[in-house]
Structure formats: C-alpha cells, structure tokens
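Derivation of every value follows stated rules applied to the coordinates shown; laboratory data play no part. Being a predicted model, the structure only gives us computed values, none of them experimental. Here the Cβ is made from the backbone with ideal geometry for all residues, glycine too, and neighbour counts use every protein chain on show.
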Amino acid sequence: MDKSQLKQAILEQLYIVHKVAISATQRAVDAATDEETVPEHKYDTLALEASYLAHGQAVRVQECEEDIRQYQALPIKDFEENSKISLGALVKLIDEDDKEKYFFLGPCAGGVTFVFDSKDITIVTPKAPLGKAMLGKQIGDEIGFSIGSKAVCYEVDVII
C-alpha cells in the first residue's frame, strides 16, 4: 500500500470537510446580516443567535485549516511486522464478530471517514478511547476499552 496516496486521500477528505464548513459559514453570515433578522423589539434575539452561529462556523473553518496543515506536515511512516502502533499507522482490527475494521491513527480530525483502496477507513486520534488503547500495541495484541457501559474488544491484525 502506498502511504503517500493514503495521506493524499485523507487530505482530499479534509478539503471536502473544509469546503462544507466554508459553505456553512457563508450561510450563517448571510442569515445574520439578512434584513429579515433585524430585531423588531428588545426580546427578538434572532440576529444575535445567527451571529453566534456565524462565529462558531468561522471557528470551525479555522479548525479545518489547522487539520489540513497538520496532515500536510505529517511524516509518512511505514511500519514493519514487529512495529508498535503510533501516529501515522493504518491499523486493521478484527472485532469479536470477525469483522475487519480499518483505522488511521492521526493527529487530529478524529471521526472523519473515507474510502481508500476499497476499504472504509476511520481516523482516530490518540485522545479518543480507541486511539489511546491502540497506542503501543503490536500485531496479535488485544485492544479493549469501554464506551459508556459497553466493553469493546479488537485484535490487531495488520499495522501498515
């Protein structure tokens, strides 16, 4: 597997997320500045709420831009058979039902999913419960963690 192509696929997905965030920001700004949102009385807060939304969306755009910068700077690292999972690893996990799941351990943008090489891949970060549990594991190790009251268990099958 070509990890530089994987990195490019991640960046393409982040650009899509960024584009959506820009569009949402523009819609929020338009709503905040529309003449229909001008307050009719002192209890009419529609314009204020719209401006808060516009600000929040603008912050989201900045976060997306930072995500893109971090992935552009992320070194491409190939992992050997005896390597431990660390940042930049693509990991194939097998769940209790023998289903394969692919996760990329990235610095940010956790939860973003994309398809690469006919595989559904989800980005997880070291701050996420799964990311924390994955760090330092090797092929054959079991990963266990809890989500609420549910215990989740995987086996590390491949580290790329």
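Data for the structure
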| item | result |
| --- | --- |
| Folded to 0 to 90 degrees: helix 46-73 orientation relative to the chain principal axis, Cα | 30 degrees |
| Highest-fluctuation residue, ASP30, ASP95, ASP44 considered, GNM on the chain with Cα pairs under 10 Å | ASP44 |
| The range 133-159-the range 44-115 distance, computed between alpha-carbon centres (Å) | 19 Å |
| Anchor LYS150: aspartates and glutamates whose Cα lies under 16 Å away (excluding residues fewer than 8 positions away in-chain) | ASP95, GLU96, ASP97 |
| Exposure proxy order (Cβ contacts within 10 Å, fewest to most) of TYR102, TYR15, TYR154 | TYR15, TYR102, TYR154 |
| Estimated distance in nm for a label pair at LYS84 and ALA9, the labels positioned 7 Å out from Cα along Cα-to-Cβ | 2.8 nm |
| Fluctuation leader among THR113, THR45, THR25 - the chain, Gaussian network, Cα springs under 10 angstrom | THR45 |
| Size of the chain as Cα extents on the principal axes (Å, biggest first) | 67, 38, 24 |
| Sites LYS150 and GLN70, calculated FRET efficiency, Cβ-Cβ separation with R0 35 Å, nearest 0.05 | 0.70 |
| Sites THR33 and VAL59, calculated FRET efficiency, Cβ-Cβ separation with R0 25 Å, nearest 0.05 | 0.90 |
| Three-way shape call for the range 3-73 based on the alpha-carbon gyration tensor, with the a/c threshold at 1.5 | prolate |
| Volume in Å³ per residue [convex hull over Cα atoms, computed for the range 110-160] | 90 Å³ |
| Helix axis angle, 3-33 relative to the chain longest principal axis, alpha carbon, degrees | 20 degrees |
